[in-house]
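Engineer: Input: one structure, supplied below.
None of the figures in this text is laboratory data; all of them are computed from the coordinates on show. Predicted model, so just to flag it, every value in this text is computed and none were measured. FYI the Cβ positions are ideal-geometry reconstructions off the backbone, even for glycines, and counts take in every protein chain you see.
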Ligand code: ATP
Ligand code: F6P
């Protein structure tokens, strides 16, 4: 289900009610067909786009044809992918058919965007997929990743292919050589999309050399254009994203929510310490761009950062609007609006404060921030509890039930580093005491600390596996999915 913030195409959208709040629902179904030679980032692109869709409540799923092929042929050699290998061809076609079959069942159950992840390297294969989808009224959007940067392809092979289940237990050098031979076999039959106009009826985007150039054809509707825009913004340059809440505020001390309070004395100490904490975590002298909200407490927290860091204020980073409950404590909310207090505990993600916002609303307004983050390199965001939870949930794949309850401690800098499959996390504790603003379900206690049983940022298992190095904690990166090969 997709809740839209845009008035466009309202005609083609159904509406549905969640907790008394009307939301618009897309009824379009799209099969995004990945196209490209092996090691061109197809699986990575498909998985990132799936994560983005799910974060926006669009029901999305990857169908990786390689996973189906692995069922019968777990560790093929390059020869399996040769055109002369009739048995290989038969098995590869069977894997694609099984994947399509499951995908169609998934669409019939209401799925919205499927990523059909395989090389889909011939016109014949692409036409077959279109025919299967047309019969079901499913739109097709072809995404071709082309790349002729030999160094990048080699590093892709070494980084993700030699560790794929296709080569488990094998010598990495031999694996890399075999994978190159596999690519050569594909090159013999590979037809780029629409090289001679025979595929000009297809909806497609070609991403050339990681988005240096994009060619777009026949984008038909709103949802397709959202996916295409997202894909156009992706890059793979090494970079990190730093997240921090503002320093402790006067309102935090009183247990009041919202407002536009000043920092407390300890909050001021955090603001003074933040530049050192950032320097320690950056590890070199790269300048960062700093984004704050438009509220005093984040701007104040960022004010001692070096002048070489550009600073930008975003309204979209302002704290979740608590409407009529703004400036109240949780105890006052429970007393004055008992039904609302209960409704929020029952479904915190969807509950919208009277005259204010829900977490769902915040995610929608953060979409441009996520898009800009994908385009950018090193960014430090100083923001608020609810907003940080939403941004963190995007990168770390936290569910809508979990994310609004996560504990995001004050006076802690979080560094997220996107990797090929997953995001690595490190946390830097400023060691400046602050109250806890976390609230457990059902409780109105002021400054309650999360117990062992409650969810902390990251799951208990991740925390248990975290490594402590001085004041720094490294959390094992969650994997999007296995770094597999989609080649069938
Ligand atoms: P296969 O057909 O074997 O499944 P694939 O095309 O799905 O290969 P991935 O497994 O996604 O390739 O490869 C991941 C690697 O590709 C990562 O190291 C990632 O940094 C890199 N990568 C991501 N996007 C691109 C791109 N547009 N072009 C080239 N490489 C990319
Ligand atoms: O208490 C600090 C604060 O940032 C409030 O301004 C905001 O309303 C609240 O946290 C959001 O957290 P929750 O959604 O858990 O109430």
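Engineer: Determine the calculated [θ] at 222 nm for the chain from helices alone, applying -39500 (n - 2.57) to every DSSP H run no shorter than 4 residues and normalising by the residue count; nearest 500 deg cm²/dmol.
Structural biologist: -11000 deg cm²/dmol
Engineer: Of the peptides 147-155, 63-71, 333-341, 256-264, how do they stack up when ordered by the mean number of other Cβ atoms within 10 Å, highest first?
Structural biologist: 63-71, 256-264, 333-341, 147-155
Engineer: Using label points projected 7 Å from each Cα along Cα→Cβ, tell me how many nm separate residue 75 and residue 127, to one decimal.
Structural biologist: Placing both labels 7 Å beyond Cα along the Cβ direction yields 3.9 nm.
Engineer: Give the relative contact order (percent, whole number) for the stretch 254-308; include only Cα pairs under 8 Å separated by 6+ residues. Intermediate values should be presented prior to the final figure.
Structural biologist: Numbers: 34 pairs, mean separation 27.8, N = 55.
Relative contact order here is 51 percent.
Engineer: At 7 Å along the Cα-to-beta-carbon direction for both residue 431 and residue 276, put a label point, then send me their distance in nm to one decimal.
Structural biologist: 0.9 nm
Engineer: Let me ask something else. Across the Cα atoms of the stretch 34-86, what radius of gyration and what greatest pairwise Cα-Cα distance (Dmax) are found, in Å?
Structural biologist: 14.4, 44
Engineer: How do 212-221, 76-85 rank on mean C-beta neighbours within 10 Å, highest first? Walk me through the numbers before you get to the answer.
Structural biologist: Details: 212-221: 13.2, 76-85: 16.2.
Ranking, from highest mean packing down: 76-85, 212-221.
Engineer: So if R0 is 22 Å, what FRET efficiency would residue 149 and residue 215 give, r being the distance between their Cβ atoms, rounded to the nearest 0.05?
Structural biologist: For residue 149 and residue 215, the calculated efficiency is 0.80.
Engineer: Report the extension gain between residue 135 and residue 265 in nm, rounded to one decimal, defined as 0.36 nm multiplied by the number of residues separating them, less their alpha carbon distance.
Structural biologist: Result for the pair: 40.2 nm of gain on full extension.
Engineer: While we're on this one: Taking N as the number of residues in the chain, what is its alpha-carbon radius of gyration divided by 2.2 N^0.38 Å? List each step's numbers first, then the result.
Structural biologist: Numbers: Rg = 24.3 Å, N = 488, 2.2 N^0.38 = 23.1 Å.
So the Cα radius of gyration is 1.05 times the expected 2.2 N^0.38 Å.
Engineer: Moving on. If each of residue 402 and residue 177 carries a label point 7 Å out from its Cα toward its Cβ, how far apart are those two points in nm?
Structural biologist: Label-label distance for residue 402 and residue 177, simple model: 4.2 nm.
Engineer: Sticking with this structure for a sec: With the Cα gyration tensor of the stretch 111-212 in hand, give its eigenvalues times 5 under a square root as the equivalent ellipsoid semi-axes, listed largest first in whole angstrom.
Structural biologist: Semi-axes, largest first: 29, 16, 13 Å.
Engineer: Taking R0 as 35 Å, what FRET efficiency do you get between residue 331 and residue 296 from their Cβ-Cβ distance, rounded to the nearest 0.05? Each step should come with its number before you reach the end.
Structural biologist: Working: r = 25 Å, r/R0 = 0.71.
The calculated FRET efficiency here is 0.90.
Engineer: Next question, about the same structure. How big is the stretch 153-211 on each of its three principal axes, counting only the C-alpha atoms and giving the largest first in Å?
Structural biologist: 45, 24, 17
Engineer: How high is the relative contact order of the chain, in percent, counting Cα pairs under 8 Å that sit 6 or more residues apart? Working shown, then result.
Structural biologist: Values: 900 pairs, mean separation 84.9, N = 488.
With pairs under 8 Å counted, the relative contact order is 17 percent.
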